[in-house]
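Enquirer: What follows is a single structure, and I will ask about it in a moment.
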Amino acid sequence: MSYFEKIKNLPLAKDPIIMGIETSCDETAVAIVKNGREVLADEIISSATEHARFGGVVPEIASRTHTTAILTATERALKSANLSLNDIDAFAVTEGAGLLGALLVGVSFAKALAFSTGKPLVPVSHIRGHISASYIADKKLEPPFITILASGGHTAIIAVDDYYNLKVLGSTLDDAVGEAFDKVARVLGLNYPGGPNVERLAREGENVIKLPKMLKNYDGGDYDFSYSGLKTAVINYVHNQQSKGVEINKADVASSFQHSAIDVLVDKAFKAVKECGYKTLAVSGGVGANGYLREALEKRAKKENVYLVLPEKRYCTDNGAMIGAEGYLQYQRRNFADLTLNAKAVVPLK
Ligand code: KG4
Ligand code: ZN
């Protein structure tokens, strides 16, 4: 019997223990998650410092670092959960979106583990993984809820109608919010990864620089965003001041940018909660680690009596636990892949 024929009829485990493997960008992440909610182990080996001197992720370096780090991350995860490979009921892996060469390391590694143990291989969308991090953050969280998806590649307001059905209410028409943070960081001379460094600098500044208004309303697309105008305005402001020989207050630039970039996310998210008649709002993606965003959401949630789910910062940025959590949902549906599974640079938002 071939691997897949055997897997197809395998009975589902009760309280499944799923390994989540994530290698879409510069984090080699392996976690072990029970029942989609309980994190038994969570290991991350980041190659961020190796990319820092280039000002952004170098795909080739990311892939090579995954190749050397993935076994270590897996062994550490098993050790810290006090489990062996045979205790794992399924291997969930990010199939996309992300850097192809980087994804392929995780996909190939997960295939080898699934094949050698005779357990299912579960393909997971990175985007759905980010959203499912909220099930780890709040063990009782159930759909429906609204989530803000804010990462380096995506910005969207999504209605999670049930565990499987996502409705994208609006998304960015151009750059993602994390991407804007990274580009603003670069023009301010801050190191990669830009987001946390812009946030740090913004704490010392004030929102005093006039930047263009974000899309408050967009014809037929109230929940859409546009970050490229804001990003360009910041870059132009910095270059103009420099060409005039005027010294810029970088902290004020960071603070003004952060206000513009984040306030619109908060406004649109609460608008969606209200309009959909939902009671819960969650946050997903790396920008969810932003302290200014978290504080603004907390304040507003209290005022508007909305139940807020804020995953720990480490579960907002890329991690293996979110892949294990989403892997659990796909496992329950028997969404198993055969050994021809390939990496995908892009996956649909839904
Ligand atoms: O979700 P993520 O780890 O990877 C993607 O799927 O893209 O998100 C990474 C993005 C980067 O653009 C990074 O600058 C941004 O999230 N980010 C932040 C913060 N931490 C990470 N942006 C603003 N403030 C932060 N504290
Ligand atoms: Zn991500």
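The values are calculated or read from the model by the stated rules, or taken from the named source; none is laboratory data. If you're wondering where the values come from, they're calculated on a predicted model, not measured in any experiment. Neighbour counts run over all protein chains shown; Cβ positions are idealised from the backbone, glycine included.
Enquirer: Exactly one of (1) assigned to a strand (DSSP E or B); (2) surrounded by fewer than 23 Cβ atoms within 10 Å (Cβ to Cβ); (3) within 15 Å of ligand 1 (Cβ to nearest atom) is unmet by ALA159. Its number?
Expert: Status for ALA159: all satisfied but (3).
Enquirer: So which helices (runs of 4 or more DSSP H) are wholly in region 241-350 and hold at least 1 residues that are within 24 Å of ALA97 (Cα to Cα), out of contact with any Phe, Trp or Tyr (no Cβ under 8 Å at 6 or more places or on another chain) and among the charged types (D, E, K, R)? Working first, answer last.
Expert: Values: elements: 250-276, 291-304, 313-316, 321-332.
Because the criterion is at least 1 residues that are within 24 Å of ALA97 (Cα to Cα), out of contact with any Phe, Trp or Tyr (no Cβ under 8 Å at 6 or more places or on another chain) and among the charged types (D, E, K, R), the helices (runs of 4 or more DSSP H) in region 241-350 that meet it are 313-316, 321-332.
Enquirer: Follow-up. What number of residues within region 124-176 satisfy the criterion of being free of Cβ contacts under 8 Å to residues at least 24 places away in the same chain and within 13 Å of ligand 2 (Cβ to nearest atom)?
Expert: 0
Enquirer: Let me ask something else about it. In region 35-58, which residue that is among the polar types (S, T, N, Q) and either modelled with pLDDT of 95 or more or in contact with a helix residue (DSSP H, G or I) (Cβ under 8 Å, 6 or more places away or on another chain) (or both) is surrounded by the most Cβ atoms within 10 Å (Cβ to Cβ)? Working first, answer last.
Expert: If we filter region 35-58 for residues that are among the polar types (S, T, N, Q), which is where we start, we get 35, 46-47, 49.
Applying the additional criterion that residues be either modelled with pLDDT of 95 or more or in contact with a helix residue (DSSP H, G or I) (Cβ under 8 Å, 6 or more places away or on another chain) (or both) yields 35, 47.
Details: ASN35: 16, SER47: 22.
Going through the qualifying residues, I end up with SER47.
Enquirer: Would you pick out the residues in region 124-146 that are within 13 Å of ligand 1 (Cβ to nearest atom), hydrophobic (A, V, I, L, M, F, W, C) and within 19 Å of LEU169 (Cα to Cα)?
Expert: If the condition is that a residue be within 13 Å of ligand 1 (Cβ to nearest atom), hydrophobic (A, V, I, L, M, F, W, C) and within 19 Å of LEU169 (Cα to Cα), then ILE127, ILE131 are the ones that fit.
Enquirer: Go through LEU211, LEU188, LEU201 for me and flag whichever is under 28 Å from LYS299 (Cβ atoms), modelled with pLDDT of 95 or more and more than 23 Å from the chain's Cα centre (by Cα). Show your work before the answer.
Expert: On the way: LEU211 fails: modelled with pLDDT of 95 or more; LEU201 fails: more than 23 Å from the chain's Cα centre (by Cα).
Only one candidate qualifies: LEU188.
Enquirer: Every residue in region 1-34 that is assigned to a loop (DSSP other than H, G, I, E, B), of a type outside the set (A, V, I, L, M, F, W, C) and surrounded by 16 or more Cβ atoms within 10 Å (Cβ to Cβ), please.
Expert: Narrowing region 1-34 to residues assigned to a loop (DSSP other than H, G, I, E, B): 1-2, 9-16, 23-26.
Then keep just the ones that are of a type outside the set (A, V, I, L, M, F, W, C); that gives 2, 9, 11, 14-16, 23-24, 26.
Listed by number, the residues that qualify are PRO16, THR23, SER24, ASP26.
Enquirer: Within region 277-302, track down each residue that is within 15 Å of the chain's Cα centre (by Cα) and more than 18 Å from GLU199 (Cβ to Cβ).
Expert: Hit for region 277-302 is ALA282, nothing else.
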